[in-house]
Amino acid sequence: MKFENSLNVILNDHQLSSELRDIALKVVNDERVTNEEAILLFDQGSLSFVGSLANYIRERKHGNKTYFNRNFHIEPTNICLYTCTFCSYSRLIKKREEGWEYTHEEIMDIVRKYDGVPVTEVHIVGGVLPQYDVKFYTGLFKSIKAHRPELHVKALTPVEYHYIFKKDKISYEDGMKLMMDSGLDSMPGGGAEIFDPEIRDQIAGGKCSGEQWLRIHEIWHELGMRSNATMLYGHIEAYRHRVDHLDKLRQLQDKTGGFQTFIPLKFRNENNQLSHLTESSVVEDLKNYAISRIYLDNFDHIKSYWPMIGRDMAQLSLAFGVDDIDGTIDDTTKIYSMAGSEEQNPALSTEELVKMIKRVGRTPIERGTLYNVVRDYTDVVFESDNEYKGYLSLPVLHDY
Ligand code: V47
Ligand code: SF4
């Protein structure tokens with residue numbers, strides 16, 4: 001098979017150190033790599049080496065399948081009490097009038113704008129402000145479910161939950177149960193940043209700690225519910241901090257099995273207090289996807305978030321361990337102009353996304369939030385497909 005050929009090339013490379021060869025053999029034998037080995041991969045593994053291993057695992061788990069879903073995002077506010085140095089939201093707290101603070105009804109107006117649009121998920125996350133409390137969010141989740149019961153509500157992170165439960169003096173356990181009973185279906189992966197306390201304190205001081213983030217996910221999983229996990233990388237952290245972060249996620253996943261997807265988030269340096277930092281290179285980003293795939297053996301999915309990294313990079317990531325490229329919505333002009341924000345919102349139609357995936361030799365699968373298959377696009381032909389005649393005969397990335 002194709003991927004075995006590329007692994008054979010690696011294993012027969014006489015230049016390869018014995019440590020790296022041992023890691024490759026572990027991957028072939030489906031064994032877990034250690035933290036030291038993961039750091040070695042970051043330090044010494046070439047892009048082609050880690051990429052081949054990650055692609056081997058990706059194809060062993062999913063073959064060519066590449067998942068996406070149809071969702072829309074709502075950010076209740078872009079103003080935040082916290083002062084995370086990597087985030088542009090915190091800058092607006094001193095000039096609140098420049099931001100937005102949607103009311104319950106304004107959020108419901110956005111939800112209603114998607115009536116009749118075949119989206120399966122709403123992803124709600126934004127800044128932290130006092131008026132967005134337990135009562136506000138439980139009321140909101142109930143209203144969304146009353147309006148559109150089958151719409152999956154993926155909302156808020158432990159950053160918000162920690163803040164609102166503390167304010168209302170309720171335990172994490174009672175709070176998460178209340179959220180579940182109000183209609184929350186799953187938790188997105190945000191707010192994780194980097195768990196290491198020293199680094200976290202420097203970039204995200206004041207908000208929930210790494211332990212609290214992990215504890216809230218654990219409680220949520222114990223309720224039988226699912227969530228995602230992220231890692232913000234490429235700022236002031238070292239490789240050992242990334243590996244420590246992955247280690248904590250892998251340990252919790254061993255315990256609960258409740259994580260679905262890991263999403264590495266590349267630090268972007270515009271409009272925030274860390275603008276002086278240079279962003280990580282493409283090679284660094286691909287290596288990070290690959291090593292995440294190699295290390296997180298108990299996570300089913302690795303997702304690249306295409307609105308943030310761009311279409312080309314999303315395509316490339318599919319050869320470096322990634323099997324999911326997040327969401328799309330159709331008829332974006334209409335939807336976004338109705339929502340009042342027009343062009344600045346990244347959006348890609350299902351047709352474009354499907355073609356983007358097929359062009360790199362993968363099989364597009366539309367999924368629900370919990371990875372139920374909504375539609376397999378293998379044999380779906382679009383009217384405009386003749387524009388793309390021949391692309392499937394191009395060599396695909398994973399043949400190299
Ligand atoms: O927690 C903030 C990150 C996250 C920057 O679970 C930044 O399906 C890069 O978690 N550069 C929120 N990243 C987004 C998020 C997410 C996105 C897509 C899908 C899912 C999912 C989750 O965005 C924050 C923070 O880590 N972030 N500022 C920045 N300057
Ligand atoms: Fe930004 Fe979230 Fe930090 Fe608030 S808590 S400043 S929204 S990253």
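Bear in mind that the values in this text are calculations on the coordinates, not laboratory data. Note that the structure is predicted; figures quoted are calculated from it, not measured. Quick reminder, even Gly has a Cβ in these numbers, built from the backbone with ideal geometry, and neighbours come from all protein chains shown.
The test for being away from ligand 1 (no atom under 14 Å from the Cβ), of a type in the set (Lys, Arg) and more than 18 Å from the chain's Cα centre (by Cα) does not hold for Arg200. Helices (runs of 4 or more DSSP H) fully within the stretch 1-111 that include at least 3 residues being within 30 Å of Gly191 (Cβ to Cβ): 35-44, 47-62.
Out of Ile216, Ile203, one residue alone is of a type in the set (A, V, I, L, M), in contact with a helix residue (DSSP H, G or I) (Cβ under 9 Å, 6 or more places away or on another chain) and more than 25 Å from Thr34 (Cβ to Cβ). It is Ile216.
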